[in-house]
Amino acid sequence: MSIDLQFQGKYNCAVCRTRCNSTSKSAYIFQDDVLLSAEAEDWLTGRLSSSLAVQVRKTIAEAHGLPDLELVQNERVVARIEVKAQGRAFMLVQKLLPHADLRPYETVALNLSDLERYIRHYRKEQLPTFVVWRVKRPCLGEGYWGQHIEALDHILKCYGLRRRFRRRSTTSDYVDGQHKGVTVNYHFSLQELVPLEQIEIALRAL
C-alpha cells in the first residue's frame with residue numbers, strides 16, 4: 001500500500017500518458033470529499049486495529065476540533081491521527097505556488113486552519129499526533145502516507161506562505177446555506193512524508 005518515490009524522474013507530468021486534467025475544478029462537492037475521507041478513515045481504523053496492540057476508535061470530541069482517530073491503551077489516549085483522502089493532483093501548483101518546491105504528482109493538501117489547530121492541540125497535550133493521507137492518482141496508484149505533526153509544523157515554519165493557497169469559493173461549497181468547503185489549504189510533498197508502515201512502527205513503540 002505504499003508509493004515508490006525513490007526515483008523522481010519516474011514521474012514527469014509533462015510526458016505522462018495518464019496526465020491529470022490541468023483545468024481548475026469548478027465544483028468542490030463537500031459531501032463527496034467527506035465520503036472519500038470517511039472511507040479512508042474506516043480502512044485505516046481496521047488496519048491499525050489489526051496491526052497494533054491498542055484500541056483504535058473514532059474521536060468522540062469532534063466538536064473540539066480533534067483529529068479523526070484516537071489510539072487508546074488501558075483507557076488512556078496515547079496518540080491521535082487525522083485522516084485525509086487525496087485524489088486529484090494540484091496540476092497548477094508550480095504556476096500558482098512557484099516557490100513552494102512542489103510538483104503536481106507529489107502534492108497533498110491540508111486545510112490550513114486544521115493544520116494550525118492540530119499543532120496547538122499537540123503542544124497542549126503532548127500526545128503523538130499524525131496526519132495520514134490516502135493518495136490515489138493515475139501515475140502513483142494508491143497508498144497511505146503520513147507524518148508526525150511536529151514535522152509538518154517544521155515545514156510550515158520553513159516555507160511560510162509559499163505553500164499556502166486560497167481558491168475561490170463556488171456555489172457547491174455551500175450546504176444548507178453554510179459554507180462547508182475548504183478554500184485555504186497548505187501543501188506538502190509526498191517525499192516529505194513516510195509510508196504507513198513506518199508510522200505503524202512508531203506507534204508500536206508508544
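A few notes on this one:
- Positions within the range 122-140 being more than 14 Å from Leu196 (Cβ to Cβ) and open to solvent by less than 40 Å² (accessible area, probe 1.4 Å), in sequence order: Tyr122, Leu127, Pro128, Thr129, Arg137, Leu140
- Here Leu196, Leu156, Leu152, Leu115 are screened, and the one residue that is under 21 Å from Trp43 (Cβ atoms) and modelled with pLDDT of 95 or more is Leu196.
- Scanning the range 37-92 for residues that are within 18 Å of Ala205 (Cβ to Cβ) and among the basic types (Lys, Arg) yields a count of 3.
- Members of the range 61-86 that are more than 22 Å from Leu115 (Cβ to Cβ) and open to solvent by 30 Å² or more (accessible area, probe 1.4 Å): Gln73, Asn74, Glu75, Arg76
- Here Leu161 clears all of (1) within 13 Å of Asn185 (Cβ to Cβ); (2) open to solvent by less than 60 Å² (accessible area, probe 1.4 Å) except the condition numbered (2).
- Scanning the range 126-149 for residues that are farther than 12 Å from Val83 by Cα and either in contact with a strand residue (DSSP E or B) (Cβ under 8 Å, 6 or more places away or on another chain) or in contact (Cβ under 8 Å) with a residue 40 or more places away in the chain (or both) yields a count of 12.
- Candidates Leu36, Leu48, Leu5 - the one that is at pLDDT 95 or above and either surrounded by 17 or more Cβ atoms within 10 Å (Cβ to Cβ) or not polar (S, T, N, Q) (or both): Leu48
- Some residue of the range 87-96 being of a type outside the set (Lys, Arg), at pLDDT 95 or above and buried (at least 18 other Cβ atoms within 10 Å of the Cβ): no
The values are calculated or read from the model by the stated rules, or taken from the named source; none is laboratory data. Given the structure is predicted, the values throughout are model-derived calculations rather than measurements. Please note: Cβ atoms are built from the backbone with ideal geometry, for glycine as well, and neighbour counts cover all protein chains shown. Each accessible area value is taken on the protein alone, full model and side chains, heavy atoms only, with ligands, DNA and RNA left out. Shrake-Rupley method; radii C 1.70, N 1.55, O 1.52, S 1.80 Å.
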